[in-house]
1. Filter the stretch 145-166 down to the residues that are in a helix (DSSP H, G or I) and touching a residue at least 24 places away in the same chain (Cβ under 8 Å), then identify the one that is nearest to GLY250 (Cα to Cα).
2. Take LEU8 and decide whether it is crowded, with 18+ Cβ neighbours inside 10 Å, of a type in the set (A, V, I, L, M) and assigned to a loop (DSSP other than H, G, I, E, B).
3. Here's a check for you: in the stretch 21-36, which residue that is crowded, with 18+ Cβ neighbours inside 10 Å and either closer than 22 Å to PHE122 by Cβ or among the charged types (D, E, K, R) (or both) is farthest from the chain's Cα centre (by Cα)?
4. Quick check: is even one residue across the stretch 52-73 assigned to a helix (DSSP H, G or I) and touching a His at 6+ places or on another chain (Cβ under 6 Å)?
5. With ALA169, ALA192, ALA179 as the choices, which residue is at pLDDT 95 or above and either in contact with a strand residue (DSSP E or B) (Cβ under 6 Å, 6 or more places away or on another chain) or not in a helix (DSSP H, G or I) (or both)?
6. Please verify whether GLY251 is in a loop (DSSP other than H, G, I, E, B), under 21 Å from the mean Cα position of the chain (by Cα), crowded, with 16+ Cβ neighbours inside 10 Å and at pLDDT below 95, treating the condition exactly as stated.
7. Answer yes if at least one residue in the stretch 233-240 is at pLDDT 95 or above, more than 19 Å from LYS9 (Cα to Cα) and hydrophobic (A, V, I, L, M, F, W, C), and no otherwise.
8. Is it the case that the stretch 41-52 has a residue that's buried (at least 19 other Cβ atoms within 10 Å of the Cβ), under 27 Å from GLY194 (Cβ atoms), in contact with a Lys or Arg (Cβ under 8 Å, 6 or more places away or on another chain) and not polar (S, T, N, Q)?
Amino acid sequence: MMKDLFSLKGRTAIVTGGSRGIGKMIAQGFVEQGAKVYITARKAPACDQTAEELSKLGTCISLPHDLSTVDGCKALAAEYATHENSLDILVNNAGAAWGAPFAEFPEDGWDKVMDLNVKSLFFLTQAVHSSLKASASQERLAKVINIASIDGIKINPWETYSYQASKAAVIHLTRRMAARLIEDNICVSGIAPGAFASEMNKAAKDQADAVASMLPAKRIGRDEDMAGAAVFLASKAGDYVVGDTIAVDGGVAYSNIGGALG
């Protein structure tokens, strides 16, 4: 039983925002575990380059799309359907952030973040729902993994109002989607990353040692930390995790005494 518990062999996956950062970490983990992975990102050259790189490890296919609109979500679903008849795993990772002082925070910064981080997550899942149902059974659940953030669990000092609100919304939306989609043998869960080096977390990327010193684990996240959590949830090993969002953060959200920053 244990031999195949974490295997993704024979499964198909879509990873949004898969060209870099956390999305790329997850996509690589899936590829190495045997999945056929489709990555999508707004910038086609970056998406194509990452797919070419990961294809040296397995099967990775680039499907560049802008998911900031519902039409963009539908377009990705339609193109995916020309390649595959079903979908085993969807990772909703594409996201945006915006920071500005309270008195100056702009409406466009609010809307950009909430639309991509929350609205598009929901409507992409809706758009591929039939593909997920086509692969799902009680013996082998289809999976949806929503990427939140520890900023949706605890506040940080930065004035990223819409980002922090959006990630709290993702955590609650994950619960609500899970309650409905488990009826279709689709298991919805989430990951709340902490400090991982990426364009979304430039502090961890550019000041890794300084950030690490403030974390309970005394290091920032590694690629395999994120890949391991995602593979767990995507594989049979994670079948009984329904609606929960796992903090992968070196202890910041739940094991921190003091003011360490994620």
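1. ILE150
2. The answer is yes for LEU8.
3. LYS36
4. yes
5. Being at pLDDT 95 or above and either in contact with a strand residue (DSSP E or B) (Cβ under 6 Å, 6 or more places away or on another chain) or not in a helix (DSSP H, G or I) (or both) holds for just one of ALA169, ALA192, ALA179, which is ALA192.
6. In short, yes.
7. no
8. Yes; the residues of the stretch 41-52 include at least one that is buried (at least 19 other Cβ atoms within 10 Å of the Cβ), under 27 Å from GLY194 (Cβ atoms), in contact with a Lys or Arg (Cβ under 8 Å, 6 or more places away or on another chain) and not polar (S, T, N, Q).
The values are calculated or read from the model by the stated rules, or taken from the named source; none is laboratory data. All of these numbers come straight from a predicted model, not from anything done at the bench. Neighbour counts are summed over all protein chains in view; Cβ atoms, including those assigned to glycine, are modelled from backbone coordinates with ideal geometry.
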